[in-house]
Amino acid sequence: HSIEQAVASSSRAYVLPPGFRPSYGTAGFRAVADLLHSTMFRCGILMAARALKTQQVTGICITASHNPAPDNGVKLVEPSGEMLCQDWESYANDLATAQTDAELAKRVMALLAAEGIPATGPALVMVAHDTRPSGPELAAAFADGVRCLGAQVQMCGLLTTPQLHWMVMSRNLGAPWAESDYYSALAGAYQRLVAGTQPLGQPLYMDCANGVAAPKMAALATALAAAGTPLALHLLNTGEGVLNGGCGSDFLQKDRQLPSNFQGVPPGARCCAVDGDSDRLMYFTPLQEAGGRALLFDGDRIACLSAMLLKDLISQLPPAAQDVSVGIIQTAYANGAASRYIRDNLGCSVEVTPTGVKYLHEAAHHFDVGVYFEANGHGTVLFSKTLLARLEQLKEESRAAFELLALAVVINQAVGDALSGILLVEAALRRKGWGLDQWAALYTDLPSRQLKVTVADRAAIVTTDAETRVAQPAGLQAAIDAAVAAVPNGRSFVRPSGTEDVVRVYAEAETQDAADGLAAAVARLVH
Ligand code: NG1
Ligand code: ZN
């Protein structure tokens, strides 16, 4: 068969490194870039098959997000702009782990047969990468895979992960989908959302993690100025240093220290940080005290601010249109104080899912508006199609409906997007006339601690109940329970990471010392 032959012969250039067993994790495949050529080639075949199956455009972002610069990885994009549907993750693993060219070709044929995919036909896959040096080469390997199935590739070059997701989504909707359309759509909607409000007094200091956010935020800023709502911005860590090195949202969240080059930023200043592919966002401010520590406004707090803005707007809709369900989706990493605030003060329902935006995103669809953010700043706000249609009908008579529609454009509907998240936060603060003080005063975070533990086999730990409890090995959960019981208002859980070869430990308590102590005690149990 000609496809089988084409796959087997092209595959010769992309040998699976001996001993490398790629596994589709929390967000896709990730590893040291040198190992990934065969994985990329095979993902190319997979996404071409997905495009042939759906008769729509699919995509890939080549990135390892917040991980170190020598790493790389894939984020695979559905026609909807969402992450690859979970049913296809097993195909991804099948192809990525095939040991020989012939075996790969066989597995490809099995996939095509199982999914009833016509052997050839018009299909298009869009490819983007972040600033990692290995990006262009890995994109070429991916493209070779796509061409094996006779599909076409569009090389989009350097983009943020959420931009590529947005472009795939928009293109399949028949909407304007170019990178420049992304900037003008966001800027125009932001302008509609903040019309009639005063600009925030201070500039925003942004940590670009030495990655792709730097040029893309600059382009967005140009579009904002053109829309008549300039954003006063200081971009830092724009690429002169190491990607995610001593900077970026992950560093900030884990270390709670000021990122590199923020030492001169005045205490109290409004700052934000993104990660290497710009799908995570944290706000922060330098604390007055010495030691270079930062006060964080994490994903939980962004979720609360978003929910407040939504509730405000919904309460201004015509009475008959106010029955809109708003749900907040979190993971076990959400700070207990945030969850309590959402339930008791905002009156929204809270759903908890396992880690990984694919789970949160899915749960967000259970509501008219689903707000999901992981504590690390990865998330977005999803509007249901039904609600959007209702708002369209109301937008002439109701300013709130018009503004909710603008909000649905500002906030990337495909995936979490740091750049669009910045506009969401800025708009919410502007509309309330709030500074960081008022935002911080919503609730006080419970002290918490996250640790990583290296173990022989992290897969030996199996969790249940949205990762809040350990099912295996036997006895571990009872031991964790005992450690937690010894700490007033303590909470702790462990889970194997889906992106790193470690077990993660989380603990929360009334004081920082108690949280640190609990995390250390639980880490010892995992060893
Ligand atoms: P893992 O390594 O599975 O914990 C991490 C983050 C996730 C998600 C993914 C993808 C934490 C605790 N985990 O997953 O939330 O963002 O990376 O980037 O922050
Ligand atoms: Zn990321």
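Between rounded, prolate and oblate, where does the chain land on the alpha carbon gyration tensor, with a ≥ b ≥ c its root eigenvalues, rounded for a/c under 1.5, else prolate if a/b exceeds b/c?
oblate
Suppose R0 equals 45 Å; then what is the FRET efficiency for D344 and E115 from their Cβ-Cβ distance, rounded to the nearest 0.05?
Numbers: r = 47 Å, r/R0 = 1.05.
Efficiency, from the Cβ-Cβ distance: 0.45.
Using the crude model of +1 on Lys and Arg Cβ and -1 on Asp and Glu Cβ, and no other charge, please compute the dipole size for the chain relative to its Cα centre, in debye to 20.
Working: 39 positive and 51 negative charges, 43 e Å.
Dipole of the chain, to the nearest 20 debye: 200 debye.
Return the long-range amide H neighbours of C272 (sequence gap of 5 or more, or a different chain), with a cut-off of under 5 Å between placed amide H atoms.
Distant-sequence amide H within range of C272: Y205, M206, D207, F284.
Going by how many other beta carbons lie within 10 Å of each one, how would you line up S497, S11, S420, fewest first?
Details: S497 14, S11 25, S420 30.
Ascending number of Cβ neighbours within 10 Å: S497, S11, S420.
Given R₀ = 22 Å, FRET efficiency for A482-H527 by Cβ-Cβ distance, to 0.05? Walk me through the numbers before you get to the answer.
Numbers: r = 16 Å, r/R0 = 0.74.
The calculated FRET efficiency here is 0.85.
Shape verdict for the stretch 448-526, please, from the Cα gyration tensor: rounded (a/c under 1.5), prolate (a/b greater than b/c) or oblate.
Details: a/c = 1.94, a/b = 1.46, b/c = 1.33.
Cα axes put the stretch 448-526 in the prolate bin.
Which value results for Rg/Rh of the stretch 279-407 when Rg is the Cα radius of gyration and Rh the Kirkwood radius based on the inverse mean 1/r? Provide the component values of the computation, followed by the final result.
Numbers: Rg = 15.9 Å, Rh = 15.4 Å.
Ratio of gyration radius to Kirkwood radius for the stretch 279-407: 1.03.
Find out how many positive minus negative residues lie around V487, taking Lys and Arg as positive, Asp and Glu as negative, among other residues whose Cβ is under 12 Å from that of V487.
Working: positive: R449, R491; negative: D481, E508, E510, D513, D516.
In short, -3.
Whole Å is fine, so just give me how far the alpha carbon centre of the stretch 427-503 lies from that of the stretch 19-88.
27
Per-residue counts of other Cβ atoms within 10 Å, averaged by peptide: what ranking do you get for 146-154, 326-334, 308-316, highest first? Intermediate values should be presented prior to the final figure.
Numbers: 146-154: 20.4, 326-334: 23.8, 308-316: 18.0.
Going by the mean number of other Cβ atoms within 10 Å, highest first, we get 326-334, 146-154, 308-316.
What's log10 of I(q)/I(0) for the stretch 379-483 at q = 0.22 Å⁻¹, Debye sum over Cα points only, no solvent?
-1.18
Taking 2.2 N^0.38 Å as the expected size of a compact globular protein, what ratio does the Cα radius of gyration of the stretch 170-300 give against it, to two decimals? Can you show the working numbers first?
Working: Rg = 15.7 Å, N = 131, 2.2 N^0.38 = 14.0 Å.
Cα-based Rg divided by the globular estimate yields 1.12.
Read phi for every residue in the stretch 336-345 and hand back ³J(HN,Hα) as whole Hz from Karplus 6.51 cos²θ - 1.76 cosθ + 1.60, θ = phi - 60°, with x for Gly and Pro.
Couplings: x, 5, 5, 4, 5, 4, 4, 5, 7, 9 Hz.
Give me a comma-separated list of calculated 3J(HN,Hα) values for the stretch 455-472, in order, Karplus coefficients 6.51, -1.76, 1.60 applied at θ = phi - 60°, integers in Hz, x for any Gly or Pro.
Calculated HN-Hα couplings, in order: 10, 5, 9, 5, 5, 5, 8, 10, 10, 9, 6, 6, 6, 7, 9, 9, 8, 9 Hz.
Among Y506, Y341, what is the fewest-to-most ranking by other Cβ atoms within 10 Å?
Neighbour counts put them in this order, fewest first: Y341, Y506.
Can you give me the orientation-averaged projected area of the convex hull built on the Cα atoms of the stretch 2-158, in nm²?
On the way: hull surface 31.7 nm².
Averaging across all directions leaves 7.9 nm² for the Cα convex hull.
Scan around I329 for amide H atoms under 5 Å from its own, H built in the peptide plane at 1.01 Å from N, and keep only partners 5 or more places away or cross-chain.
E351, V371, Y372, F373
Would you kindly derive the ³J(HN,Hα) couplings of the stretch 79-85 from the backbone phi angles with the Karplus curve 6.51 cos²θ - 1.76 cosθ + 1.60 (θ = phi - 60°), listing them in order in whole Hz, with x for Gly and Pro?
x, 6, x, 7, 6, 2, 4
Among residues other than R458 whose Cβ falls under 10 Å from its Cβ, what is the net charge (Lys/Arg +1, Asp/Glu -1)?
Working: positive: R495, R504; negative: D457, E500, D501.
Net local charge, R458 excluded: -1.
What number, rounded to the nearest 500 deg cm²/dmol, is the helix-based mean residue ellipticity at 222 nm of the chain, given -39500 (n - 2.57) per DSSP H run of at least four residues and division by all its residues? It would help to have the intermediate numbers written out before the result.
Working: 18 runs with 213 residues, N = 527.
About -12500 deg cm²/dmol.
For Q154, list long-range residues whose amide hydrogen, built 1.01 Å from N in the peptide plane, is under 5 Å from its own amide hydrogen.
V125, M126, V127
Give me the number: length gained by fully extending E240 to E500, i.e. 0.36 nm times residue separation minus the C-alpha to C-alpha distance, one decimal in nm. Don't skip to the end; give the middle numbers.
Working: separation 260, 0.36 × 260 = 93.60 nm, distance 2.63 nm.
So the extension gain works out to 91.0 nm.
What whole-number distance in Å separates the alpha-carbon centres of the stretch 155-206 and the stretch 378-393?
Measuring centre to centre over Cα atoms gives 17 Å.
Rounded, prolate or oblate for the stretch 323-364? Axes are the square roots of the Cα gyration tensor eigenvalues, ordered a ≥ b ≥ c, and the cut-off for rounded is a/c under 1.5. Before the final figure, lay out each step's value.
Values: a/c = 3.74, a/b = 1.22, b/c = 3.06.
In terms of gyration-tensor shape, oblate.
Quote the FRET efficiency, to the nearest 0.05, computed for L388 versus Q322 with a Förster distance R0 of 22 Å and r equal to the Cβ-Cβ distance. Provide the component values of the computation, followed by the final result.
On the way: r = 16 Å, r/R0 = 0.73.
That pair, L388 with Q322, gives E of 0.85.
How fast does the stretch 141-203 diffuse by Stokes-Einstein, in µm²/s, taking the Kirkwood radius from C-alpha pairs at 10 °C and 1.306 mPa s? Numbers along the way, then the final one.
On the way: Rh = 14.5 Å.
Translational diffusion coefficient: 110 µm²/s.
Quick note: the coordinates plus some simple rules give every number you see, no bench work behind them. As the structure is a computational prediction, the values presented were derived from the model and not from experiment. FYI the Cβ positions are ideal-geometry reconstructions off the backbone, even for glycines, and counts take in every protein chain you see.
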